[in-house]
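Notes follow the structure.
The values are calculated or read from the model by the stated rules, or taken from the named source; none is laboratory data. What you are looking at is a predicted structure, and each value in this text was computed from that prediction instead of being measured. Keep in mind that these areas ignore ligands, DNA and RNA; they rest on the heavy atoms of the full protein, side chains included. Shrake-Rupley method; radii C 1.70, N 1.55, O 1.52, S 1.80 Å.
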Amino acid sequence: MVKRFGASIAAGIVVALGIGCGSGGGNGSSTVAAVSVDPSVTHAQYRQQANAICNEAKKEMIIALQNQAKKEGRASVLQISPEVQTEILLDGLRTNLQRLEELSAPAKDQQQIEEFLSTFHTVVDLIDEKDLNSVQKFQPVLLRISKVAEPYGLHGCGYG
(Lines give C-alpha, C1' and ligand atoms only; values in the text may rest on other atoms or scores of the structure.)
Protein backbone atom coordinates (compact mmCIF):
# COMPACT_ATOMS: atom_id res chain seq x y z
CA MET A 1 0.00 0.00 0.00
CA VAL A 2 2.92 2.35 0.56
CA LYS A 3 3.81 2.12 -3.13
CA ARG A 4 0.23 3.02 -4.04
CA PHE A 5 0.32 5.94 -1.61
CA GLY A 6 3.64 7.05 -3.07
CA ALA A 7 2.25 6.91 -6.57
CA SER A 8 -0.71 8.96 -5.41
CA ILE A 9 1.59 11.50 -3.78
CA ALA A 10 3.82 11.62 -6.85
CA ALA A 11 0.84 12.17 -9.11
CA GLY A 12 -0.41 14.85 -6.74
CA ILE A 13 2.99 16.52 -6.72
CA VAL A 14 3.24 16.47 -10.50
CA VAL A 15 -0.26 17.86 -11.01
CA ALA A 16 -0.39 20.27 -8.11
CA LEU A 17 3.05 21.74 -8.46
CA GLY A 18 3.21 21.66 -12.23
CA ILE A 19 6.53 19.79 -12.54
CA GLY A 20 5.80 17.85 -15.56
CA CYS A 21 2.36 18.55 -15.81
CA GLY A 22 1.23 24.50 12.33
CA SER A 23 1.18 20.86 11.51
CA GLY A 24 -1.34 18.11 11.87
CA GLY A 25 -1.17 15.73 14.74
CA GLY A 26 -1.79 12.71 12.55
CA ASN A 27 -5.15 11.90 14.12
CA GLY A 28 -7.30 14.46 12.38
CA SER A 29 -7.57 16.47 15.56
CA SER A 30 -5.66 19.60 14.61
CA THR A 31 -7.63 22.78 14.84
CA VAL A 32 -7.40 26.07 13.05
CA ALA A 33 -6.53 29.01 15.22
CA ALA A 34 -8.88 31.93 14.92
CA VAL A 35 -8.07 34.00 11.87
CA SER A 36 -6.55 37.35 12.76
CA VAL A 37 -8.76 40.10 11.37
CA ASP A 38 -7.53 43.53 10.33
CA PRO A 39 -10.15 46.03 9.12
CA SER A 40 -7.53 47.84 7.05
CA VAL A 41 -6.73 44.75 4.96
CA THR A 42 -8.70 44.54 1.75
CA HIS A 43 -9.84 41.43 -0.07
CA ALA A 44 -7.40 42.20 -2.89
CA GLN A 45 -4.47 42.67 -0.49
CA TYR A 46 -5.16 39.39 1.30
CA ARG A 47 -5.58 37.55 -1.99
CA GLN A 48 -2.32 38.95 -3.34
CA GLN A 49 -0.36 38.04 -0.20
CA ALA A 50 -1.88 34.56 0.10
CA ASN A 51 -1.26 33.74 -3.56
CA ALA A 52 2.35 34.90 -3.25
CA ILE A 53 2.83 32.68 -0.18
CA CYS A 54 1.30 29.65 -1.90
CA ASN A 55 3.26 30.14 -5.11
CA GLU A 56 6.49 30.49 -3.14
CA ALA A 57 5.72 27.34 -1.13
CA LYS A 58 5.12 25.38 -4.34
CA LYS A 59 8.44 26.61 -5.76
CA GLU A 60 10.16 25.55 -2.54
CA MET A 61 8.59 22.08 -2.75
CA ILE A 62 9.69 21.71 -6.37
CA ILE A 63 13.23 22.74 -5.46
CA ALA A 64 13.28 20.36 -2.48
CA LEU A 65 12.10 17.48 -4.68
CA GLN A 66 14.61 18.30 -7.41
CA ASN A 67 17.43 18.56 -4.87
CA GLN A 68 16.43 15.23 -3.35
CA ALA A 69 16.36 13.60 -6.79
CA LYS A 70 19.85 14.95 -7.53
CA LYS A 71 21.09 13.82 -4.11
CA GLU A 72 19.82 10.30 -4.81
CA GLY A 73 21.09 10.32 -8.41
CA ARG A 74 17.54 10.01 -9.78
CA ALA A 75 16.55 11.24 -13.23
CA SER A 76 13.11 12.32 -12.03
CA VAL A 77 11.43 13.43 -8.81
CA LEU A 78 8.95 10.62 -9.43
CA GLN A 79 11.77 8.14 -8.74
CA ILE A 80 12.20 9.37 -5.17
CA SER A 81 10.86 6.94 -2.57
CA PRO A 82 7.21 7.46 -1.61
CA GLU A 83 8.19 8.09 2.01
CA VAL A 84 10.62 10.86 1.08
CA GLN A 85 8.12 12.40 -1.36
CA THR A 86 5.55 12.42 1.41
CA GLU A 87 7.88 14.09 3.90
CA ILE A 88 8.87 16.77 1.39
CA LEU A 89 5.23 17.41 0.54
CA LEU A 90 4.22 17.51 4.21
CA ASP A 91 7.03 19.90 5.08
CA GLY A 92 6.01 22.18 2.22
CA LEU A 93 2.33 22.07 3.11
CA ARG A 94 3.06 22.74 6.78
CA THR A 95 5.25 25.72 5.92
CA ASN A 96 2.63 27.03 3.51
CA LEU A 97 -0.13 26.65 6.09
CA GLN A 98 1.90 28.33 8.82
CA ARG A 99 2.63 31.32 6.60
CA LEU A 100 -1.03 31.61 5.59
CA GLU A 101 -2.12 31.51 9.22
CA GLU A 102 0.14 34.48 9.97
CA LEU A 103 -1.77 36.71 7.54
CA SER A 104 -4.43 39.09 8.77
CA ALA A 105 -7.70 38.81 6.90
CA PRO A 106 -10.41 41.27 5.98
CA ALA A 107 -13.24 41.00 8.53
CA LYS A 108 -15.88 40.32 5.87
CA ASP A 109 -13.92 37.29 4.63
CA GLN A 110 -13.11 35.70 7.98
CA GLN A 111 -15.48 32.73 7.64
CA GLN A 112 -14.33 31.86 4.11
CA ILE A 113 -10.66 32.09 5.09
CA GLU A 114 -11.25 29.93 8.17
CA GLU A 115 -12.90 27.30 5.93
CA PHE A 116 -9.92 27.42 3.57
CA LEU A 117 -7.41 27.01 6.43
CA SER A 118 -9.50 24.25 8.01
CA THR A 119 -9.47 22.37 4.70
CA PHE A 120 -5.72 22.83 4.49
CA HIS A 121 -5.33 21.37 8.01
CA THR A 122 -7.48 18.40 7.03
CA VAL A 123 -5.24 17.65 4.05
CA VAL A 124 -2.11 17.82 6.19
CA ASP A 125 -3.70 15.51 8.78
CA LEU A 126 -4.75 12.95 6.17
CA ILE A 127 -1.34 12.87 4.53
CA ASP A 128 0.34 12.62 7.92
CA GLU A 129 -1.77 9.59 8.89
CA LYS A 130 -0.44 7.56 5.92
CA ASP A 131 -2.93 4.75 6.39
CA LEU A 132 -5.12 3.14 3.75
CA ASN A 133 -8.07 5.24 4.80
CA SER A 134 -6.05 8.41 4.24
CA VAL A 135 -4.81 7.21 0.87
CA GLN A 136 -8.37 6.78 -0.30
CA LYS A 137 -9.32 10.23 0.97
CA PHE A 138 -6.18 12.10 -0.05
CA GLN A 139 -6.96 13.10 -3.63
CA PRO A 140 -10.55 14.32 -3.05
CA VAL A 141 -9.46 16.32 -0.01
CA LEU A 142 -6.48 17.78 -1.88
CA LEU A 143 -8.86 18.89 -4.62
CA ARG A 144 -11.11 20.37 -1.93
CA ILE A 145 -8.39 22.94 -1.18
CA SER A 146 -8.83 24.19 -4.74
CA LYS A 147 -12.61 24.17 -4.45
CA VAL A 148 -12.41 26.41 -1.38
CA ALA A 149 -9.49 28.54 -2.60
CA GLU A 150 -10.52 29.20 -6.21
CA PRO A 151 -13.82 31.05 -5.59
CA TYR A 152 -12.02 33.42 -3.27
CA GLY A 153 -9.38 34.11 -5.89
CA LEU A 154 -6.59 32.10 -4.25
CA HIS A 155 -5.59 30.48 -7.53
CA GLY A 156 -1.99 30.06 -6.37
CA CYS A 157 -3.24 28.07 -3.37
CA GLY A 158 -5.02 25.38 -5.38
CA TYR A 159 -3.57 21.89 -5.40
CA GLY A 160 -5.21 19.93 -8.12
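Close amide H contacts of ASP38 (hydrogens built in the peptide plane, cut-off under 5 Å, sequence separation of 5 or more or a different chain): ALA105, ALA107. Accessible surface for THR95 stands near 50 Å², nearest 10, in the context of the full protein assembly shown (1.4 Å probe).
Rolling a 1.4 Å probe over the protein heavy atoms of segment 34-122, with every protein chain left in place, gives an accessible area that is 47 percent carbon and sulfur.
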